[in-house]
Amino acid sequence: MIFEKRIKNIFSNLKREPDAIIIKNSSEPYIDDNFFYVTGLDKGLFEGSVAALRPTGKVDIIISELEAESAKKSNANLNIYKNGEEFNEFFKNTLSPLKNIGLNFSGISHRDFCRIKDRCPNSEFVDVSEAFAKARLVKDEFEIKTIKEACSIADKVMKMIPDILHEGIHEFEIAAEINYLMQKNGADESAFKTISSFGKNTAEPHYSHGNYRLKSGDFTLFDFGARFRKYNSDMTRTFVFGKASKEQKDMYETVLDAQRTGFDAIRPGIEAHDVHDAVSTYIDNTRFKGRFIHSTGHPVGLAVHDAGAGFNSECKVELKENMVLTVEPGIYIPGFGGVRIEDDILIKKDGVEILTKAPREFIEI
Ligand SMILES: [Mn+2]
């Protein structure tokens, strides 16, 4: 069973095995995505729910009646409560025998932590967030298949964008189209707030969208992803609307070459910063030196920025087969505009498989 394997793997990342690991969801948006990682559930909200993981790979979940039907799709042992009293009863029974409890310090609310501490005055608590992160970096077969679906939805939508752009359209209109088209093509929702920026707004890497209207000669930048069964994709393309200037074309070609440098550098055994160093050195050797102002990429999975890692010059994560990450160099010139090209890749034995396939060559619309 795939989830049993995931849970055993999480425990194997710990020097000292706790008696159990407790995942406790708060309310939206403070839901720990590890809950879905260990139960395999891909529908439902599961606010307030608890998952207790054992070193044997078994998992108990405590959920309200409201989500009992959804939870049955998991192989977990279900404890369904009808009221607060029953919840407390289950919670106490699960927790009271535990001397040593692992918690995901990156995913639990402070209030929940205090409550658990109150209920278990004699237990010791250890942070197991790193163990979760480490396990989740390397994707299993099911995860890869699901991420590929999420990538193919985003891809399909990216390919439609040039046909829907026209002079005078607002940034927010295209953002709305993108979100609609992703859902229409099978996404559960957008993976994060869609970026649709034109003109000089493209120089802000995390701009979302506003009421700017498209003019001839503008850069247009679209950064979005689809969420499919809780797994995400994340991709970016930059086009020029109308005829490009030489400067725009140069920026684009430099970013594209920098991305290729990144693809070529990636293989199992190197450290993430090696990829970033290769890409940033490439850009810094051009006249766009210093204009690449973020990390080269990040892991993608149940979270868009998965496992809390960003691949910058300090990141010592060793790259392994079956990791999924983005490669997304960019050049940003304030007051002028920016170019970013972002794709999701799967690390293979001898290099990369690019999962997002929309054309990467320079496009004038
Ligand atoms: Mn990204």
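The values are calculated or read from the model by the stated rules, or taken from the named source; none is laboratory data. No experiment lies behind these values; they were computed from the predicted model shown. Here Cβ is always computed from backbone atoms with ideal geometry, including for glycine, and neighbour counts include all displayed protein chains.
Do we find that Arg229 is more than 16 Å from the ligand (Cβ to nearest atom) and of a type in the set (D, E, K, R) in this structure? Yes: the conditions hold for Arg229. Residue count for the range 179-226, restricted to those that are without any contact (Cβ under 8 Å) to a residue 24 or more places away in the chain, within 16 Å of the ligand (Cβ to nearest atom) and over 17 Å from the mean Cα position of the chain (by Cα): 1. For the range 95-106, the set of residues classified as surrounded by fewer than 20 Cβ atoms within 10 Å (Cβ to Cβ) and under 22 Å from Tyr30 (Cα atoms) consists of Leu95, Phe105, Ser106, listed by residue number. Looking at the range 323-365, which of the residues that are out of contact with any strand residue (DSSP E or B) (no Cβ under 7 Å at 6 or more places or on another chain) and of a type in the set (Asp, Glu) is farthest from the ligand (Cβ to nearest atom)? Only one residue tops the list, namely Asp350. Restricted to the range 288-320, and to residues that are without any contact (Cβ under 8 Å) to a residue 40 or more places away in the chain and more than 16 Å from the ligand (Cβ to nearest atom), which residue is nearest to Pro205 (Cα to Cα)? So, considering only residues that are without any contact (Cβ under 8 Å) to a residue 40 or more places away in the chain and more than 16 Å from the ligand (Cβ to nearest atom), the one nearest to Pro205 (Cα to Cα) is Gly290. In the range 13-40, the residues that are among the aromatic types (Phe, Trp, Tyr) form Cβ pairs under 7 Å with partners that are buried (at least 18 other Cβ atoms within 10 Å of the Cβ) and assigned to a loop (DSSP other than H, G, I, E, B), at six or more places apart or across chains, as follows: Phe35/Asn25; Phe35/Phe46; Phe35/Ser49; Phe36/Lys230; Phe36/Leu302; Tyr37/Leu302. For the range 146-172, residues that are basic (Lys, Arg) and closer than 17 Å to Asp223 by Cβ total 2.
Kindly evaluate Leu66 against the criterion of being in contact (Cβ under 8 Å) with a residue 40 or more places away in the chain and either outside the structural domain of Thr238 (by TED's automatic domain parsing) or farther than 24 Å from Gly44 by Cβ (or both). Taking the combined requirement at face value, the residue does not satisfy it.
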